[in-house]
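Below is one structure; the comments refer to it alone.
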Amino acid sequence: QVQLVESGGGLVQPGGSLRLSCIVSGDTFGTYTWFRQPPAKEREFVAAWRRSGGYTYYEDSVKGRFTISVDKAINAVYLQMNGLSPEDTAVYYCAAGRPILSNIRSVSAYGYWGRGTQVTVSS
């Protein structure tokens, strides 16, 4: 059975860094993504990695600060987050699926999700 398990969240000061991990078991997928849901807001796209070409995609506000990577040998997905600000505070979710490129940023395109890990950026 497919399972995604996130880890690495926690409390960090503004300007700090965190590295999130997502261990995927049960299957492999064409697209791995990170979404986040800030308090009282909708879940939003953060970053995606596509197996075809190894391309990565980012939400504008995290470009240059966040990096998604995938270790295909162990089916692990990572999100390196640098230069964190309070606006990055959210529950971060790992998701997997096989969407077409035009749907890569859509929550509804992914059928497999982790339970999430809390990231809090505060002084």
Inset, instruction - State which residue is surrounded by the fewest Cβ atoms within 10 Å (Cβ to Cβ) when the search covers only segment 1-60 and only residues that are over 11 Å from the mean Cα position of the chain (by Cα) and of a type in the set (Lys, Arg). - result: 41
Inset, instruction - Please work out which one of (1) more than 18 Å from residue 106 (Cα to Cα); (2) more than 16 Å from the chain's Cα centre (by Cα) is the condition residue 80 fails and give its number. - result: (2)
Inset, instruction - Would you check if residue 96 is free of Cβ contacts under 8 Å to residues at least 60 places away in the same chain, assigned to a strand (DSSP E or B), among the small types (Gly, Ala, Ser) and open to solvent by less than 40 Å² (accessible area, probe 1.4 Å)? - result: no
Inset, instruction - Could you please let me know if residue 122 is loosely packed, with under 13 Cβ neighbours inside 10 Å, under 27 Å from residue 11 (Cα atoms) and hydroxyl-bearing (Ser, Thr, Tyr)? - result: yes
Inset, instruction - Quick one: in segment 29-51, of everything that is touching a helix residue (DSSP H, G or I) at 6+ places or on another chain (Cβ under 9 Å) and part of a loop (DSSP other than H, G, I, E, B), which residue is nearest to residue 122 (Cα to Cα)? - result: 38
Inset, instruction - Within segment 58-102, count every residue that is farther than 24 Å from residue 25 by Cβ and of a type outside the set (A, V, I, L, M, F, W, C). - result: 15
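The values are calculated or read from the model by the stated rules, or taken from the named source; none is laboratory data. Keep in mind that this is a model prediction, so the values were computed, not measured. With ideal geometry, Cβ positions are generated from the backbone for all residues, glycine too; neighbour counts draw on all protein chains shown. Calculation scope for accessible area: heavy atoms of the full protein, side chains included, ligands and nucleic acids excluded. Shrake-Rupley method; radii C 1.70, N 1.55, O 1.52, S 1.80 Å.
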